[in-house]
Amino acid sequence: MRILLDTHVLLWALAEPDRLPEDVREQLVSPDNEVLFSAASIWEIAIKAQIGRLPLSIPVEEIVETAQASGFQELPVQSVHAAGVYRLPLYHRDPFDRILVAQAIAEPAHLLTADKMLAQYSELVVTIGKH
């Protein structure tokens, strides 16, 4: 199964895995799954850290390195993903969440998120409980 992590889930998986349910942690380490993180998530992290909305104790580049060292694969933002945003209803206005949904649909991949609002978009959006 292909799994795309939303930004919060990516950060929790790397820095606070205990915040994720046990079944999600198991999915992330299973060799049967391809775990993806979006370049859009890294962009979101960089922007929010720069404007002070996300305190980081490490450089953003280290987040990328840690994700790759964890076996997660980077998913670049492609034009087909960007164009897919146009077809999404305006259930959610956050541009980062919208591109992640568009990527999940285009790839296809299951998008793991804690944001219940995103579940309206597709059966590919999997809402997880956070601890």
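The values are calculated or read from the model by the stated rules, or taken from the named source; none is laboratory data. As the structure is a prediction and not an experimental result, all values here were calculated from the model. Backbone-built Cβ (ideal geometry, glycine too); neighbour counts: all protein chains shown. In case anyone asks, the SASA skips ligands and DNA or RNA and just uses the protein heavy atoms, side chains included. Shrake-Rupley method; radii C 1.70, N 1.55, O 1.52, S 1.80 Å.
Side notes on the structure shown:
- Of the listed requirements (1) in contact with a helix residue (DSSP H, G or I) (Cβ under 9 Å, 6 or more places away or on another chain); (2) within 27 Å of Ser122 (Cβ to Cβ); (3) among the aliphatic types (A, V, I, L, M), Val29 misses just one: (1).
- At least 2 residues being open to solvent by 80 Å² or more (accessible area, probe 1.4 Å) and free of Cβ contacts under 8 Å to residues at least 60 places away in the same chain is the threshold, and among the strands (runs of 3 or more DSSP E) wholly inside region 38-131 those reaching it are 73-75.
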